[in-house]
Amino acid sequence: MGITVGVVKGNGIGPEITEATLHVLEATGLSFDWVPVAIGDEGVKKYGHPLPQESVKLLREVKRAIKAPLLVDKFKGRLYCEHEDGSVGVYPSLNNAIRRELGLYVCPRPIKGIPGISGNYEKLDVHIMREITEDVYSGIEHMIGDYAAECTKLTTRLAAIRVAEYAFQYARQNGRKRVSCVHKANAVSMADGLFLSCFREVAAKNPDIPSDDFMVDASAYFMAKCPEKFDVIVAANQYGDILSDLAAGLVGSLGLAPGANVGPDGLIIAEASHGAAPDIAGKGIANPIALILSGALLLREMGYRKEAGQVEDATMRVLSWKKAMTPDLGGNASTMDVARAIAHEMRQAER
Ligand code: NAI
């Protein structure tokens, strides 16, 4: 029997980068049982809902999954998920609903510069721990007539402590040297103030790992000017969302930024930082590396450290030696060319 991993193919470039990712993961020599999970259009087709409870249950059962990006409509903003006990979850987007229905609470996004590719940002090496259950993405918003809208920025002690604890544990387990909290506690003194004070409370219990904090605007400046200031970052949902796209842009492409959604009981859904990129979908030119590296992250979490390292090392070699690069990195390779080049490198290294 193989290793069971759920697969959400997603929309836009999703199916293309999923095929590439599964190709590379299979080149580790591990045997996988890929379990398709119907979400988005597939969920609607099969069960009449973009996030069917059947799929939520399946993800809870398999515990580990690879999820490609999903298209989310602008302006629609409400998804209702009815539970067996009659309760209803209301979410602002499909991605937010997946995370919250499953209790996934932190999205680690390790973003690293690549020699020969990332120019001035070759040394950028930042791991962003994005809180993914609260903040302005809680879905607590409403119109005031047609002349204004109000949106609540939610911060709870539980979520702020939980993400900070995860960050210090992550830093320790991954040999990282510093944890920084990103906030705007001078202007949002209660919500971000609480986030920062919870961070400081957790930092005080982890004196072996140095910590500090920065305002989010200054963080964007430092990320662009001297990214070596950062090692592990803990941020509320929106700041983490924005800073990880910024870091991806600095190292060369959104197609280089992996991630995962982590929850309790070993639940983990590997997912690239980027979206469904409808502007390049169907052309076979999407960069699959962010999802491939997310797959490596998943392997490491599952205890397959050697295989995770194989995928990461081969990816770095293919990129630094410019063996296969998609157009976002200035090359003309296809999505599958990149996957095949990485798989080839993995096999060469095994010899
Ligand atoms: P996006 O991340 O899809 O694209 C932004 C830009 O980066 C585009 O020019 C795109 O071509 C490029 N890009 C992204 N990934 C790439 C890759 N792997 N290779 C090469 N180029 C890549 O963001 P956008 O355009 O704001 O959103 C498009 C759709 O994706 C929306 O419906 C949005 O809601 C959804 N989305 C889904 C996410 C998810 O499922 N986790 C996350 C972010 C957005």
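The values are calculated or read from the model by the stated rules, or taken from the named source; none is laboratory data. In this text the structure is predicted, and so the values were computed from the model without any measurement. Positions of Cβ are backbone-derived with ideal geometry, glycine not excepted, and every protein chain shown enters the neighbour counts. Side chains are part of the model used for accessible areas, which takes the heavy atoms of the whole protein and leaves out ligands, DNA and RNA. Shrake-Rupley method; radii C 1.70, N 1.55, O 1.52, S 1.80 Å.
Between Asn332 and Met190, 0.36 nm times their residue separation minus their Cα-Cα distance comes to what? If you can, show how the numbers build up before the last one.
Working: separation 142, 0.36 × 142 = 51.12 nm, distance 4.92 nm.
Difference between extended and current length: 46.2 nm.
Would you mind giving the average projected area, over all directions, of the Cα convex hull of the chain in nm² with one decimal? Please list the in-between numbers first.
Details: hull surface 74.8 nm².
Approximately 18.7 nm², given one-decimal rounding.
Test of understanding: what is the full-extension gain from Arg178 to Ile3, defined as 0.36 nm times their sequence separation minus their Cα-Cα distance?
Length gained between Arg178 and Ile3: 59.6 nm.
Taking only the Cα atoms of the stretch 1-127, how large is their convex hull per residue, in Å³?
152
Find how much the distance from Gln348 to Phe75 grows on full extension, using 0.36 nm per residue of separation minus their present alpha carbon separation; answer in nm with one decimal.
Contour length minus the Cα-Cα distance gives 93.4 nm.
Go from 0 up to the bin containing the longest alpha carbon distance in the stretch 61-139, width 10 Å each, and give me the % of pairs per bin.
Using 10 Å bins, I get a P(r) of 15, 35, 28, 16, 5, 1 for the stretch 61-139.
Can you tell me the accessible area per residue over the chain, all protein chains present, probe 1.4 angstrom, in square angstrom? It would help to have the intermediate numbers written out before the result.
Details: 15620 Å² over 351 residues.
With the other protein chains kept in place, the chain gives 45 Å² per residue.
Could you tell me the center-to-center distance, by alpha carbons, between the stretch 162-193 and the stretch 262-286 in angstrom?
The stretch 162-193 and the stretch 262-286 have Cα centres separated by 24 Å.
Say the dipole of the stretch 275-340 comes from +1 at the beta carbon of Lys and Arg and -1 at that of Asp and Glu; which of Asn287, Leu297, Val311 then lies farthest toward its positive end?
Val311
If you build the Cα gyration tensor of the stretch 19-84 and take the root of 5 times each eigenvalue, what three semi-axes come out, in whole angstrom, biggest first?
Equivalent ellipsoid of the stretch 19-84: 27, 15, 9 Å, largest first.
Taking all pairs of different Cα atoms in the stretch 207-265, averaging 1/r and flipping that mean, what Kirkwood radius in angstroms comes out?
12.8
Rank Met336, Met215, Met129 by mean-square fluctuation in a GNM of the chain with C-alpha springs under 10 angstrom and give only the top-ranked residue.
Met215
Taking H placed 1.01 Å from N in the peptide plane, check which residues at least 5 places from Ala260 or on another chain put their amide H under 5 Å from its amide H.
For Ala260, whose amide H was placed from the backbone, the distant partners under 5 Å are Glu271.
Could you check the spin-label model distance between Gln53 and Leu158? Points 7 Å from the Cα along Cα→Cβ, value in nm.
Modelled inter-label distance: 2.1 nm.
Please give the FRET efficiency for Val35 paired with Glu201, using the beta carbon to beta carbon distance and R0 = 35 Å, rounded to the nearest 0.05. All intermediate terms of the calculation are to be shown ahead of the outcome.
On the way: r = 40 Å, r/R0 = 1.14.
For R0 = 35 Å, the calculated efficiency reads 0.30.
Apply the Kirkwood formula to the stretch 154-245: the hydrodynamic radius equals the inverse of the mean of 1/r over all pairs of different alpha-carbon atoms; give it in Å with one decimal. Before the final figure, lay out the partial values.
Details: mean 1/r = 0.0765 Å⁻¹.
One decimal place: 13.1 Å for the Kirkwood radius.
Say the dipole of the stretch 144-194 comes from +1 at the beta carbon of Lys and Arg and -1 at that of Asp and Glu; which of Asn174, Ala159, Gly193 then lies farthest toward its positive end?
Of the options given, the answer is Asn174.
For the stretch 160-173, just list the computed ³J(HN,Hα) in residue order, Karplus coefficients 6.51, -1.76 and 1.60, θ = phi - 60°, integers in Hz, with x standing in for Gly and Pro.
With the stated coefficients, the stretch 160-173 comes to 5, 5, 4, 6, 5, 4, 4, 5, 5, 5, 4, 4, 5, 5 Hz.
Exactly which trypsin sites (Lys or Arg not before Pro) in the stretch 199-281 are in a DSSP loop and have at most 15 other Cβ atoms within 10 Å? Spell out each step's value before the answer.
On the way: sites: Arg200, Lys205, Lys225, Lys229; in loops: Lys205.
Loop-located and lightly packed - Lys205.
If you restrict to DSSP beta bridges whose two residues both lie in the chain, what percentage is antiparallel, to the nearest 5?
45
Suppose we keep just the DSSP beta bridges with both residues in the stretch 135-235; what percent of those would be antiparallel, to 5?
Among the beta bridges of the stretch 135-235, antiparallel pairing accounts for roughly 35 percent.
Mind listing the phi-derived Karplus ³J(HN,Hα) values for the stretch 288-305, rounded to whole Hz, using 6.51, -1.76 and 1.60 with θ = phi - 60°, and x for any glycine or proline?
Karplus values, whole Hz, x for Gly and Pro: x, 5, 4, 6, 4, 5, 5, x, 5, 4, 5, 4, 4, 4, 7, x, 8, 5.
Residues with beta-carbon under 10 Å from that of Asn261, excluding Asn261: net charge, scoring Lys, Arg +1 and Asp, Glu -1?
Here the charged neighbours net out to +2.
Can you tell me the convex hull volume per residue for the stretch 237-320, based on C-alpha atoms, in Å³ to the nearest whole number?
Taking the convex hull of the Cα positions in the stretch 237-320, it is 108 Å³ per residue.
Report in % the part of the accessible area of the stretch 40-105 that belongs to carbon and sulfur, leaving out ligands and nucleic acids; probe 1.4 Å.
50
Would you mind computing Rg(Cα) / (2.2 N^0.38 Å) for the stretch 288-335, counting N as its residues?
Working it through for the stretch 288-335, the quotient is 1.22.
For the stretch 82-199, treating each Cα as an identical point scatterer without solvent, what Debye log10 I(q)/I(0) comes out at q = 0.10, 0.21 1/Å?
-0.43, -1.21
Longest exposed-loop-site-free stretch of the chain, with chymotrypsin sites (Phe, Trp or Tyr not before Pro), DSSP loop and at most 10 other Cβ within 10 Å?
148-351
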